[in-house]
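Asks: Sharing a structure below in structure tokens format, with a few things to ask.
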Amino acid sequence: MNKQPIDNVDPHGQRLAAHEAYWQRFGVHRASRQAELPAMATGSPTLDRQLPGGGYPIGAVTELLCKNAGLGELSLLLHGLARRMREQPKRQLAFIAPPPTLQAPALTQAGIDCARVPLVACRDDSEKVWCVEQMARANAFAGFVVWADHLDTTALRRLQLAAEKAACPVFVYRHIRAAAERSPAALRLAITAGDGGQRIEILKCRGPAGARIAGLQPGVECVWQFETPRAELAALRAGASNDIPQPDRVPHVARSSSSPLGAR
């Protein structure tokens, strides 16, 4: 029996490998190989199992689409970001145009050093994108978290390039109505809430999408919700204080008596 020359064992496989290598130059990969892409753990094993690579993609944009604030949406990031900052103790975490309800105890309780979290105030969404681009050049950040509703495709692509340049994740909070728009983001998560708790739907990812996760309780997942001290609770019951917001009015924001982080 004649043996086939080694060089011609699998010419089809060689052509396929060359074809695949060509497309990888443009960022196109097989869905079955997405686990090889760099990712950071989310802090939720349930969510990690649903995401390609086992977490949020590094060097890419992740969109978190929410109908309104206060759904525990920030808690989905804090645990993962705290771990990443521990792994990179010399890097910072930038918050771009965060909401005024953000509280320093929220970050501290999650294990994030507030001294390493610069907050940047911007006039509009175009300035937010520009800030990320400029800071990405420093190669000194473990991640960026941006609050921006009105971003077009060009702006998101610029954020994607900045994430690749800094080799870190960029998270963007947008209104859920943006789910109907096209986006170059590597990962898009829709966050809603109902009687059963939070509901997360994977709208887009590098691989099969469409997974749904339900049953996460906002009161448990939201790390910046603080228990009202007994003295304040007694005052509330007695009606002696009208300045302290009651927990049911602001269920997912730290009490206003906590000093908020100032913009830097």
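Asks: Using θ = phi - 60° and the Karplus relation 6.51 cos²θ - 1.76 cosθ + 1.60, list the HN-Hα couplings for segment 176-186 in order, rounded to whole Hz, with x at every Gly or Pro.
Replies: 5, 5, 6, 5, 7, 8, 6, 8, x, 4, 6
Asks: Which residues does a label at His175 reach in segment 74-102, if reach means a backbone N under 18 Å from a point 7 Å past the Cα toward the Cβ?
Replies: The answer is 98-100, whose backbone nitrogens lie closer than 18 Å to the label point.
Asks: Measure up Lys67/Lys165; Lys90/Lys204; Lys128/Lys165 against 21 Å on the Cα-Cα distance and list the ones that go over.
Replies: Going by Cα-Cα distance, Lys67/Lys165; Lys90/Lys204 fall outside the 21 Å limit.
Asks: Using only the Cα atoms of segment 88-169, build the gyration tensor, take square roots of its eigenvalues as a ≥ b ≥ c, and label the shape rounded, prolate or oblate: rounded if a/c is under 1.5, else prolate if a/b is larger than b/c, else oblate.
Replies: Because a/c hits 1.5 or more and a/b fails to exceed b/c, segment 88-169 counts as oblate.
Asks: Using amide H atoms built 1.01 Å from N in the peptide plane, name the residues 5+ places from Arg91, or on other chains, whose amide H lies under 5 Å from its own.
Replies: It is none; the list stays empty.
Asks: Which of the trypsin sites (Lys or Arg not before Pro) found in segment 115-162 are in a DSSP loop and have at most 11 neighbouring Cβ atoms, other than their own, within 10 Å?
Replies: Those satisfying the criteria are Arg123, Arg137.
Asks: Using a 7 Å offset from Cα along Cα-Cβ at Asn139, what residues in segment 86-101 end up with backbone N under 11 Å from the label point?
Replies: Within reach of a label on Asn139, which here means backbone N under 11 Å from a point 7 Å along Cα→Cβ, segment 86-101 contributes nothing.
Asks: Sticking with this structure for a sec: May I ask you to sort Cys131, Cys168 by Cβ crowding, counting other Cβ atoms within 10 Å and putting the fewest first?
Replies: Cys131, Cys168
Asks: Once you charge only the Cβ atoms, +1 for Lys and Arg and -1 for Asp and Glu, what is the size of the charge dipole of segment 36-219 about its Cα centre, to the nearest 20 debye?
Replies: It comes to approximately 260 debye.
Asks: Karplus couplings for segment 49-57 from phi (6.51 cos²θ - 1.76 cosθ + 1.60, θ = phi - 60°), rounded to Hz, Gly and Pro as x?
Replies: With coefficients 6.51, -1.76 and 1.60, one gets 5, 8, 9, x, x, x, x, 6, x Hz.
Read-outs: derived from the displayed coordinates by stated rules, not from any lab. Keep in mind the model is a prediction, meaning the values are calculated, not measured. Glycine gets a Cβ as well: all are built from the backbone with ideal geometry, and neighbour counts include every protein chain shown.
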